[in-house]
């Protein structure tokens with residue numbers, strides 16, 4: 001079988017195993033990306049979750065000797081939730097971003113890439129391959145853009161004509177010289193809705209993101225949420241979809257294609273108060289299969305506390321006081337103190353005054369004082 005015919009069969013096989021788009025890109029170095037990444041580091045815009053070595057991120061030949069081609073894949077995920085539960089007073093709910101609905105995409109894409117590797121090896125025993133998803137060294141978006149999967153939008157997402165930006169990305173470096181796809185022309189035009197509606201101004205300009213201000217990143221951190229962002233989080237527990245939901249290219253892109261990514265509404269939009277006391281085992285059993293659980297329960301619990309403060313949910317005050325008085329983790333105690341002050345009940349004021357006398361941790365004391373300041377401001381008003 002010649003290579004051209006095999007490539008056609010590979011594309012057909014990819015479709016059979018649930019890959020929605022596949023493209024082929026050169027494994028030449030990503031020189032433009034290299035300049036962008038260096039600039040990101042100089043500006044301190046990187047998240048810290050990515051591979052720090054710019055050379056590895058931009059030179060595929062460092063990751064696989066004899067690298068010739070990179071196969072890019074994309075799988076669409078849903079943007080619509082059927083029978084989504086609505087939060088109410090006394091039963092408030094949080095929200096996981098769409099990319100964390102259903103099965104963890106890391107596992108789903110790795111399974112498909114493993115099948116692709118086996119298919120290639122069966123026809124080309126001498127083929128060399130290295131696959132990666134999200135946590136690999138290469139930039140999934142740069143590879144997808146070069147492979148013609150979609151164009152790189154102003155919000156830094158890859159937008160596909162078929163599925164909008166609601167796609168998971170992965171890639172495989174190989175030594176097989178496949179025929180390459182052409183990159184897609186940018187179709188954002190003059191639109192800047194994503195820039196103008198970003199809650200924290202994280203999209204500095206078209207194509208440049210300050211990850212340190214991005215809510216998606218902030219919800220995954222484990223320390224205290226910086227003060228300026230606490231009122232911006234809303235009820236988000238993990239991730240942020242604002243720059244996608246406002247994008248005109250995502251209109252009517254429901255993408256309800258793969259059953260494994262369909263959300264369990266009680267997981268994707270869980271009740272907030274039960275999260276405050278969930279055990280490690282319960283958290284793993286309930287949320288462990290979704291990608292949003294990768295940092296553990298602590299960031300989710302902190303975000304749930306902020307969400308309850310956002311709603312000024314009075315029913316949560318007893319549980320928040322319990323956290324303030326008994327939780328071993330300073331971030332959780334301190335965030336609870338801030339939330340108690342934000343909600344502003346007499347019971348909460350008494351608890352904060354009591355905690356101020358007993359707390360030894362300086363950061364938690366600072367949060368208690370912030371909580372008490374809310375009451376001082378209210379009395380002035």
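The numbers here are math on the coordinates, done by the rules we state, and not lab data. In this text the structure is predicted, and so the values were computed from the model without any measurement. Positions of Cβ are generated from backbone atoms using ideal geometry, with glycine treated the same way; all protein chains shown enter the neighbour counts.
Quick look at the values:
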quantity	calculated
Calculated FRET value between residue 190 and residue 363, using beta carbons and R₀ = 56 Å, to 0.05	0.80
Choice from 308, 237, 33 with maximal GNM fluctuation in the chain (Cα, 10 Å cutoff)	33
From the coordinates shown, semi-axes √(5λ) of the Cα gyration tensor in Å corresponds to which of (i) 34, 21, 21; (ii) 44, 21, 19; (iii) 34, 27, 17	(ii)
Gaussian network model of the chain, springs between alpha carbon atoms under 10 Å - residue of 328, 61, 367 with greatest fluctuation	328
Kirkwood Rh and Cα Rg combined as Rg/Rh, region 152-223	1.06
Extension gain from residue 295 to residue 314, taking 0.36 nm per residue of separation minus the Cα-Cα distance	4.0 nm
Label zone at residue 61 (point 7 Å along Cα-to-Cβ), backbone N below 20 Å, region 14-35	25-35
Rg and Dmax of region 147-292, Cα atoms only, in Å	18.0, 55
Most fluctuating residue given options 346, 309, 107, as computed from a GNM of the chain linking Cα atoms under 10 Å	346
Over region 260-381, relative contact order from alpha-carbon pairs under 8 Å, at least 6 apart, %	20
Modelled FRET efficiency - R0 45 Å, residue 264 with residue 204, Cβ distances, 0.05 increments	0.80
Full-stretch length increase - residue 44, residue 326 - with 0.36 nm per residue and alpha-carbon distance subtracted	97.9 nm
